[in-house]
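What follows is a single structure, written as C-alpha cells, with notes after it.
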Amino acid sequence: MDDDQARSQIIEAGVRLLERGGLQAVSARSLAAEVGTSTMVVYSRFGGMNGVPDAVAGAVFACFSDALARVPQSDDPVADFFFTGAMYRDFALACPQRYALMFGTSTPPFVAAHRADLTIASSAISRAEWSASFDALSQLVRRMMEVGRICDGDELAIAGRIWSVIHGEVMLELAGFFGDDNNGPSHILAPLTVDLLVGLGDQRVRTTASLAIALSRLDHLTH
C-alpha cells in the first residue's frame, strides 16, 4: 500500500470512528486497529497524531459540501433552495457526530479557530477548503435575489438568517423535540422556511409552489 492509499484509509477510518464515538474515539491505537496496521504507520502518514483530527475534519467538511453539491440547478432557485435544505437536514440526521464537529457548540478548538463572523466576513469559515457549504447557500441567496424572488439586501446576512432557521430546526430534531415520525420537516422546517422567504419578499403562492416542486424532486430521488 502506498502512502496516499494508507493516508486515505486512515482518514476514512477516522470518520467512521468519529461517527461511532465522537472525536475522542479517534486515537492512534483505534485507527491502527480499524485499518489493520500499526500506530507507527498512523504517525508517519500525518507527521504525528495532531495531523489526524485536522485531516478527518477536512474529510467531513468535504463530504458535507459534496452532499449539498449533488443538488441539480434548475430554473427555480427557490425550489433548489428547499431541495438543498432537505439535503442539509438529511446529512445532519444521518451523521450527527460529523455535524456536531462542524457546527456544534462543543466543536474542538482546531475547528472553532477557523470560524468567522459572517456578519462582517465573506464566509462563515476562514479556511477556503471548508467553506464550500456556506458558499453554496450564499449562491442560492444570490440567485433568489437575481430573479426577484426575494428582495435585494445583504447577501451574507440573509444567508445567515436562513442558516439559523435550518440549523435551529436540525439541532432540535437531533435532540428529539420533534419525535420520530418525520414531523420536523412537515410541521416545523417547511412552514417556517416558507414564512421566512415570504418575509424576505417572495409571494406565498410562489413559495409554496416551489416547495411542492422540491418535494416532488425529493420523492423521485428516494423512489
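The values are calculated or read from the model by the stated rules, or taken from the named source; none is laboratory data. This one's a predicted model, so the numbers in the text were calculated from it and none came from an experiment. Neighbour counts run over all protein chains shown; Cβ positions are idealised from the backbone, glycine included.
Just a few scattered comments:
- One residue stands out in the stretch 60-77 among those that are in a helix (DSSP H, G or I) and buried (at least 17 other Cβ atoms within 10 Å of the Cβ): the one that is farthest from the chain's Cα centre (by Cα), namely P77.
- A count restricted to the stretch 181-223 and to residues that are within 22 Å of G168 (Cα to Cα), in contact (Cβ under 8 Å) with a residue 12 or more places away in the chain and β-branched (V, I, T) stands at 5.
- For the stretch 171-223, filtered to residues that are among the charged types (D, E, K, R) and assigned to a loop (DSSP other than H, G, I, E, B), the residue that is farthest from F91 (Cα to Cα) is D202.
- Here D80 clears all of (1) surrounded by fewer than 17 Cβ atoms within 10 Å (Cβ to Cβ); (2) modelled with pLDDT of 95 or more; (3) under 22 Å from G168 (Cα atoms) except the condition numbered (1).
- Screening F46 with (1) farther than 30 Å from G148 by Cβ; (2) under 26 Å from the mean Cα position of the chain (by Cα); (3) surrounded by fewer than 16 Cβ atoms within 10 Å (Cβ to Cβ) gives one miss only, at (3).
- Of all the residues in the stretch 120-152, those that are surrounded by 13 or more Cβ atoms within 10 Å (Cβ to Cβ), of a type outside the set (D, E) and part of a helix (DSSP H, G or I) number 14.
- Listed conditions (1) modelled with pLDDT of 95 or more; (2) surrounded by fewer than 12 Cβ atoms within 10 Å (Cβ to Cβ) are all met by D181, apart from (1).
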